[in-house]
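Here is the structure we will look at.
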Amino acid sequence: MLKVMLLNDGEGRAASLRQTLAAAGVHVVAEVAPGTDLAASIAQSAADVVLIDSDAPGRDTLENICVASSHSDRPVVMFTDDGNRETIRTALRAGVAAYVVGDVPAARIEPLLTVAIERFAMEKTRREELREAQLRLADRQWVEKAKGILMKTRAVTEDEAHRLLRERAMQSQKRLGEVAREVVEMSQWLGSA
């Protein structure tokens, strides 16, 4: 059984949404009001998904979602009557995993939430892979700069400079990129780069 946290940011739809969720076998484990610290509420709840019931998501709600999404491992699904393309785009950029316009029959709720959970997991994996790739690229750039500094200051070959960096990384139990960055920063501080 899926567990959800419900944020009611609309007028009068929360009761019907709760009924639809109950008919779909979805358990509402927490319900919070607009203006609540969404990130803290998500952390405290044992929900699988955060549902937001909103007539038209406001700027404050979207900012709250943005902050919460960056600190949470739970997808946010928004149920609304606002089908405006710009609002949808803004909500997705804020971290909403699924933006659902109009009423949804109880039979479609669980598959919809399951898709949102899976898409959120895929997106999270992509973001982590991108972050790791960016880190590796940055490390390579630091390593190349550090090798250049070592080649110049120690009059060694590129291979020897790389070996020196590797040895220092192993001795200090740091990533090669971290050691390389330290070499570059120290060289800049000393004014030799």
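The values are calculated or read from the model by the stated rules, or taken from the named source; none is laboratory data. Because the structure is predicted, anything quoted here is derived from the model rather than measured. Areas reflect the complete protein model, heavy atoms only, side chains present, ligands, DNA and RNA absent. Shrake-Rupley method; radii C 1.70, N 1.55, O 1.52, S 1.80 Å.
Counting only DSSP H runs of at least 4 residues, each contributing -39500 (n - 2.57), and dividing by the residue count of the chain, the helix-based mean residue ellipticity at 222 nm comes to -20500 deg cm²/dmol.
Per-atom-type breakdown for the range 49-173 gives carbon and sulfur 51% of the accessible area (1.4 Å probe, protein chains only). The tail of the calculated P(r) for the range 20-129 beyond 25 Å holds 15 percent of all Cα-Cα pairs.
Among DSSP beta bridges lying fully in the chain, give the percent that are antiparallel, nearest 5. Restricted to the chain, the bridges split so that about 0 percent are antiparallel.
Bridging of residue 124 to lysines at a Cα separation below 30 Å is possible for 3, 174, once same-chain residues fewer than 8 apart are set aside. Solvent-accessible surface of the chain, averaged per residue with a 1.4 angstrom probe and all protein chains in place: 59 square angstrom. Considering only 137, 38, 92, the Gaussian network model of the chain with Cα springs below 10 Å gives its largest mean-square fluctuation to 137.
Which of rounded, prolate, oblate describes the range 75-132, given a ≥ b ≥ c as roots of the alpha-carbon gyration tensor eigenvalues and a/c under 1.5 marking rounded, otherwise prolate only if a/b is larger than b/c? Because a/c hits 1.5 or more and a/b fails to exceed b/c, the range 75-132 counts as oblate.
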